Amino acid sequence: MTSKFKTDLAQNIFAHKYALTQSETWAERARVIVDDVCGTMGGRRNKTLSDSEGSFLTKSITEMKFLPGGRYIYYAGRRAHFYNNCFLLKAEYDTREEWASLSQRAISCLMVGGGIGIDYSKIRAKGRIIHRTGGLSSGVLSLINIINENGRNVMQGGSRRSAIYASLNWQHGDIYDFLKCKDWDLLKLGDTGFTVSDLKKQDFNYPAPLDMTNVSVNYDDAFLEEIKHGRYPDVFVQNVKGALQHGEPGFSFNFGDKQNETLRNACAEVTSEDDSDVCNLGSINMGNIETLAEFKDIVNVASKFLVCGTLRADLPYDKVSEVREKNRRLGLGLMGVHEWLLKRGYTYGMNDELREWMQVYKEESERSANEHCDRLYLNRPAGYRAIAPTGSIGILASTTTGIEPLYSVAYKRRYLTGGTVWKYEYVVDSTAKHIIEQTGVDPDEIETSVDLAEDPERRIQFQADVQDYVDHAISSTINLPSWGSENNNEDTLDKFVTLLADYAPRLRGFTCYPDGSRGGQPITKVSYDEAIKHQGTVFLEHDICEISGKGGTCGS
């Protein structure tokens with residue numbers, strides 16, 4: 001078995017972000033993860049996997065065929081076991097006590113390094129009478145801003161940016177203010193001639209309204225009934241326009257028996273209707289798996305690993321423990337999907353072979369998790385599969401992230417160090433590099449996310465096709481051309497409204513990113529030749545001076 005990283009960037013991220021000691025190897029980290037979560041070594045009485053399962057799981061992690069979520073990788077072997085990436089919260093009542101309680105719950109989750117997602121739909125609209133005091137409600141955005149500023153000042157470890165998600169029902173009285181809450185280009189700064197958007201693009205750390213928070217609109221069966229009759233509510237049209245311009249707000253679709261599952265984690269792939277639920281993530285790297293039989297075996301042990309995590313993970317407060325015991329949600333995901341497609345000569349999209357693998361993913365994840373819960377006398381999970389963005393662990397495995405296509409054959413990647421200093425490196429995508437070296441294919445012929453930006457329906461259709469096999473949601477962001485360009489402008493708006501409405505019944509969520517729409521854009525396409533020329537050198541942001549020839553660290 002191999003435990004070597006394919007790229008210097010992957011090695012650097014492991015060494016600076018995840019390794020327990022300077023000398024620890026990935027193979028050693030894999031053994032610690034499995035032992036810490038599943039109790040497989042040292043003759044423990046409370047081990048939750050058999051010896052053979054533990055050995056195969058360790059091998060699968062070592063070979064990067066299964067990677068637990070980043071919190072598992074970091075916290076295994078440490079005194080604290082905060083294995084869960086994110087927490088799902090809800091403003092359950094519109095009272096002073098609940099505002100204070102929600103703030104406390106949010107801070108508690110953020111301070112253990114977890115992201116948070118909050119549904120604010122039960123907060124009354126701005127200007128409504130508060131009968132007990134005779135005052136007027138300050139509205140939803142006041143509370144969202146309170147939570148956002150909590151997040152600004154909670155930097156886990158001094159460098160981990162708080163991850164926050166906020167959602168609101170499409171019929172809420174404050175929905176139009178919500179739709180515009182991050183239109184920074186409309187916020188002028190006195191008579192300087194600058195807007196908040198201008199400064200945010202110059203300095204990613206400039207404090208802009210709700211810049212710690214991703215926002216999304218919740219759509220329910222009432223909305224579904226509208227679009228079934230060919231009616232597109234104005235809120236939806238304005239939501240689409242905002243997304244095409246700025247990338248936000250996003251869309252949360254909750255229909256039928258999922259209508260009440262409006263809660264999401266920070267990246268929106270885990271769903272729930274219960275306040276203080278928790279995500280529990282791990283991803284299978286399809287790009288490293290050759291056969292369907294091996295894939296099935298890895299789905300088996302990976303699902304059991306996540307069940308074990310529900311017994312071993314520390315949690316920020318008692319209610320999270322109670323909800324976890326009730327729901328025991330698992331979020332077994334996939335990554336390396338585009339690499340899998342490329343290695344088999346497929347274009348980006350669903351095909352018969354992939355459908356066969358997805359069916360195994362669906363059936364085996366449920367069968368093995370249920371079997372393991374029954375063996376341990378636990379409640380069976382309320383959900384089994386959720387496809388996360390897999391940013392950092394995708395880089396560790398040097399594969400394509402989630403269900404995303406390759407962003408670009410080569411790109412410039414920005415990252416934060418020390419909480420304030422931005423650096424960047426030129427990167428040749430490792431999967432693209434492997435394909436180029438092994439097959440001799442022209443780099444310009446590899447289909448990428450940037451290429452697919454001109455044909456968004458292919459991205460949306462593929463997400464819908466994969467969603468057919470996922471019971472939670474999929475975190476996937478569709479790249480688009482910049483607003484005002486030939487294929488993304490006022491004249492194309494109606495077409496996109498119809499397109500998204502047509503696919504909405506098959507989706508659980510949707511987000512897009514128009515090129516250059518937000519400050520701090522972490523990845524920018526560059527030419528293959530330019531990346532080869534500068535590869536391995538770390539630069540300071542806004543500084544052309546070389547500071548190192550050995551690579552750097554990544555805070556995301």
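Quick one: in the stretch 398-429, of everything that is among the aliphatic types (A, V, I, L, M) and not in a loop (DSSP other than H, G, I, E, B), which residue is modelled with the lowest pLDDT?
LEU416
Condition first: more than 26 Å from the chain's Cα centre (by Cα) and among the acidic types (Asp, Glu). Now tell me which residues in the stretch 85-130 satisfy that.
Once the filter is applied, which keeps residues that are more than 26 Å from the chain's Cα centre (by Cα) and among the acidic types (Asp, Glu), the stretch 85-130 yields ASP94, GLU97, GLU98.
Just checking, how many residues over the stretch 268-283 are acidic (Asp, Glu) and open to solvent by 10 Å² or more (accessible area, probe 1.4 Å)?
Adding up the residues that qualify gives 2.
Since ASN12 meets every condition but one in (1) in a helix (DSSP H, G or I); (2) touching a Phe, Trp or Tyr at 6+ places or on another chain (Cβ under 6 Å); (3) at pLDDT below 95, which condition does it not meet?
(2)
With the requirement that a residue be open to solvent by 30 Å² or more (accessible area, probe 1.4 Å) and within 21 Å of VAL154 (Cα to Cα), what does the stretch 86-127 give you?
Within the stretch 86-127, LYS90, TRP99, ALA100, SER101, GLN104, ILE107, SER108, MET111 meet the criteria.
Kindly indicate the residue of the stretch 465-489 that is in a strand (DSSP E or B) and touching a Cys at 6+ places or on another chain (Cβ under 9 Å) and also most open to solvent (accessible area, probe 1.4 Å) among those meeting that condition.
THR477
Could you tell me whether the stretch 206-217 includes any residue that is under 21 Å from the mean Cα position of the chain (by Cα), open to solvent by 50 Å² or more (accessible area, probe 1.4 Å) and not β-branched (Val, Ile, Thr)?
yes
From ASN254, ASN239, ASN265, which residue is open to solvent by less than 10 Å² (accessible area, probe 1.4 Å) and either more than 20 Å from PHE178 (Cβ to Cβ) or in contact with a helix residue (DSSP H, G or I) (Cβ under 7 Å, 6 or more places away or on another chain) (or both)?
Going through ASN254, ASN239, ASN265 in turn, the sole match is ASN239.
Looking at this structure, is VAL360 open to solvent by 10 Å² or more (accessible area, probe 1.4 Å), in contact (Cβ under 8 Å) with a residue 60 or more places away in the chain and assigned to a helix (DSSP H, G or I)?
Yes; evaluated as a whole, the condition is true for this residue.
State which residue is farthest from ALA268 (Cα to Cα) when the search covers only the stretch 186-205 and only residues that are open to solvent by 70 Å² or more (accessible area, probe 1.4 Å) and of a type in the set (Asp, Glu).
The extreme case among them is ASP191.
Go through (1) within 20 Å of GLY70 (Cβ to Cβ); (2) under 17 Å from the mean Cα position of the chain (by Cα) one by one and return the number of the condition LEU406 breaks.
(1)
Taking interchain pairs and intrachain pairs at least six residues apart, which have beta carbon atoms under 8 angstrom, with the first residue in the stretch 120-131 and touching a residue at least 24 places away in the same chain (Cβ under 8 Å) and closer than 14 Å to PHE178 by Cβ and the second among the acidic types (Asp, Glu) and not in a loop (DSSP other than H, G, I, E, B)?
Between residues of the stretch 120-131 that are touching a residue at least 24 places away in the same chain (Cβ under 8 Å) and closer than 14 Å to PHE178 by Cβ and residues that are among the acidic types (Asp, Glu) and not in a loop (DSSP other than H, G, I, E, B), the close pairs are LYS126/ASP177.
Only one of ARG385, ARG380 is within 20 Å of CYS279 (Cα to Cα) and under 20 Å from the mean Cα position of the chain (by Cα). Can you tell me which?
ARG385
Of the conditions (1) in contact with a Lys or Arg (Cβ under 7 Å, 6 or more places away or on another chain); (2) at pLDDT 95 or above, LYS258 satisfies every one except a single condition; which number is it?
The one condition LYS258 does not meet is (1).
Report whether or not THR347 is surrounded by fewer than 21 Cβ atoms within 10 Å (Cβ to Cβ) and either within 25 Å of THR62 (Cβ to Cβ) or not small (Gly, Ala, Ser) (or both).
Considered against the rule, which asks whether it is surrounded by fewer than 21 Cβ atoms within 10 Å (Cβ to Cβ) and either within 25 Å of THR62 (Cβ to Cβ) or not small (Gly, Ala, Ser) (or both), THR347 comes out as yes.
For residues in the stretch 286-337 being more than 16 Å from THR58 (Cα to Cα) and hydroxyl-bearing (Ser, Thr, Tyr), which is surrounded by the most Cβ atoms within 10 Å (Cβ to Cβ)?
Filtering the stretch 286-337 for residues that are more than 16 Å from THR58 (Cα to Cα) and hydroxyl-bearing (Ser, Thr, Tyr), the one surrounded by the most Cβ atoms within 10 Å (Cβ to Cβ) comes out as THR310.
Do any residues in the stretch 85-111 that are touching a residue at least 60 places away in the same chain (Cβ under 8 Å) and more than 22 Å from VAL270 (Cβ to Cβ) have Cβ atoms under 9 Å from those of residues that are surrounded by 16 or more Cβ atoms within 10 Å (Cβ to Cβ) and hydrophobic (A, V, I, L, M, F, W, C), where the two are at least six apart or on different chains, and which pairs are they?
The qualifying pairs do not exist here.
The values are calculated or read from the model by the stated rules, or taken from the named source; none is laboratory data. Here the structure is a predicted model, which means the values were calculated and not measured. We place every Cβ from the backbone using ideal geometry, glycine too, and count neighbours over all the protein chains shown. Protein only, heavy atoms only, side chains kept; ligands, DNA and RNA dropped before computing areas. Shrake-Rupley method; radii C 1.70, N 1.55, O 1.52, S 1.80 Å.
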